[in-house]
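Chemist: Can you keep this structure in mind? I'll have questions shortly.
The values are calculated or read from the model by the stated rules, or taken from the named source; none is laboratory data. Since this is a predicted model, take the numbers as computed values, not measurements. Every residue, glycine among them, receives a Cβ derived from its backbone with ideal geometry; neighbour counts consider all protein chains shown. All accessible areas refer to the heavy atoms of the entire protein, side chains included, with ligands and DNA or RNA removed. Shrake-Rupley method; radii C 1.70, N 1.55, O 1.52, S 1.80 Å.
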Amino acid sequence: RLAALGQMAATIAHEVKNPLSSIKSIAQVMREDEAVSREYGRDLDLIAGEVNRLSASVSQLLRFARPAVIDASCARLSEIVVGVVALARAEIDERSATITQSLDGDPQLDGTTVAALKEILSNLLLNAAQAIAPGGHIQIESAAQDGHLKIAVVDDGLGIPEAIQSKVFEPFFTMKQRGTGLGLAIVARRVREFGGTINLISPVASGRGTKFEII
């Protein structure tokens with residue numbers, strides 16, 4: 001099934017992503033024409049936004065189909081967190097949310113772990129940002145545990161109903177109106193690839209919130 005998905009993803013990359021780039025380029029060129037921009041500026045912005053959304057969905061499918069992450073340079077945990085928070089900043093700011101960090105220690109991580117953690121934390125942060133209400137809060141935590149590193153992303157959203165918690169890591173399962181249902185599947189796969197485990201805790205406190213914990 002994964003081999004078939006990989007072949008399908010490669011086809012999508014050629015048949016969908018390249019035309020999307022052309023559509024976006026044309027919309028951007030039209031936006032530079034003042035007369036066109038005055039009359040159709042809002043429509044052109046909508047086109048560009050939808051192209052970006054579709055392109056991100058295709059990229060997510062490709063990342064899921066890829067068997068393993070590519071090694072990155074060694075880095076400290078704090079550097080990884082700063083990078084993924086910066087990437088998620090637009091999504092977080094759009095919800096007027098706050099994000100805090102509580103990192104216990106700052107270990108140096110090898111390239112394989114760095115590459116995997118970047119993808120894992122990016123997906124978890126995006127998932128958390130989409131789960132919280134306007135003005136919500138996200139917390140990134142880390143701690144040493146029996147010679148292992150434990151990292152958690154916690155949000156104060158509504159939480160995940162117990163009845164579907166066993167399904168959230170399945171490919172293509174989603175409760176969102178828009179979404180591929182691959183974000184948490186990618187997380188679970190990357191965690192397995194570098195020998196870790198992932199736990200889902202929901203609710204976290206006062207009947208609300210979700211915590212994804214990586215060891």
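Chemist: Provide the FRET efficiency to the nearest 0.05 for the Phe172-Leu200 pair, computing r from the beta carbons and using R0 = 22 Å.
Modeler: Computed FRET efficiency for Phe172 and Leu200 comes out at 0.80.
Chemist: Now for a separate question. Determine ³J(HN,Hα), in whole Hz, for all residues of the stretch 41-53 in sequence, where each value follows from phi through the Karplus function 6.51 cos²θ - 1.76 cosθ + 1.60 and θ = phi - 60°; x replaces Gly and Pro.
Modeler: With the stated coefficients, the stretch 41-53 comes to x, 5, 5, 5, 5, 5, 4, 4, x, 5, 4, 4, 5 Hz.
Chemist: Convert each backbone phi in the stretch 192-206 into a coupling constant with the Karplus relation 6.51 cos²θ - 1.76 cosθ + 1.60 (shift: θ = phi - 60°), then list the ³J(HN,Hα) values in order as whole Hz, x for Gly and Pro.
Modeler: 4, 5, 9, x, x, 10, 10, 10, 10, 10, 7, x, 9, 8, 6
Chemist: How big is the dipole moment of the chain about its Cα centre under a simple scheme where the beta carbon of each Lys and Arg is +1, that of each Asp and Glu is -1, and everything else is neutral? Debye, nearest 20, please.
Modeler: That gives a dipole near 540 debye.
Chemist: Spelling out what I want: for every residue of the stretch 143-156, take phi, set θ = phi - 60°, compute 6.51 cos²θ - 1.76 cosθ + 1.60 (Karplus), and round to whole Hz; glycine and proline get x.
Modeler: Ordered by residue, 3J(HN,Hα) equals 7, 8, 9, 6, x, 10, 9, 10, 10, 9, 10, 10, 10, 10 Hz.
Chemist: Ordering Asp33, Asp104 by accessible area with a probe of 1.4 Å, largest first, what comes out?
Modeler: So, going from the largest accessible area down, we get Asp104, Asp33.
Chemist: Now, a different point. Based on DSSP, what percent of beta bridges with both residues in the chain are antiparallel, to the nearest 5?
Modeler: Percent antiparallel among DSSP bridges in the chain is about 75.
Chemist: Now for a different question. Please give me the summed charge of the neighbours of Phe169: other residues whose Cβ is under 12 Å from its Cβ, Lys and Arg +1, Asp and Glu -1.
Modeler: Combined, the nearby Lys, Arg, Asp and Glu give +3.
Chemist: Using the beta-carbon distance between Arg208 and Arg89 and R0 = 22 Å, what value does 1/(1 + (r/R0)^6) give for FRET efficiency, to the nearest 0.05?
Modeler: Between Arg208 and Arg89 the formula returns 0.40.
Chemist: Find the accessible area per residue for the chain; the probe is 1.4 Å, ligands and nucleic acids are left out, and the unit is Å².
Modeler: 56
Chemist: Can you give me the long-range amide H partners of Asp104? Hydrogens built in the peptide plane at 1.01 Å from N, cutoff under 5 Å, separation of 5 or more residues or another chain.
Modeler: Here the answer is Ser142, Ala143, since their amide H atoms fall under 5 Å of that of Asp104.
Chemist: Can you return the aspartates and glutamates within cross-link range of Lys167? Criterion is Cα-Cα under 18 Å, with same-chain partners fewer than 8 residues away left out.
Modeler: Hits, sequence-local ones excluded: Glu213.
Chemist: Would you work out what percent of the accessible area of the stretch 1-153, with all protein chains in place, is carbon or sulfur (probe 1.4 Å)?
Modeler: 55
Chemist: May I ask you to derive the FRET efficiency for Leu46 and Asp146 from their Cβ-Cβ distance with R0 = 41 Å, giving the value to the nearest 0.05?
Modeler: E between Leu46 and Asp146, to the nearest 0.05, is 0.20.
Chemist: Separate question: Hey, of (i) 19.4; (ii) 19.8; (iii) 18.9, which did the structure itself give for Kirkwood radius over Cα pairs in Å when calculated?
Modeler: Checking each listed value against the structure points to (iii).
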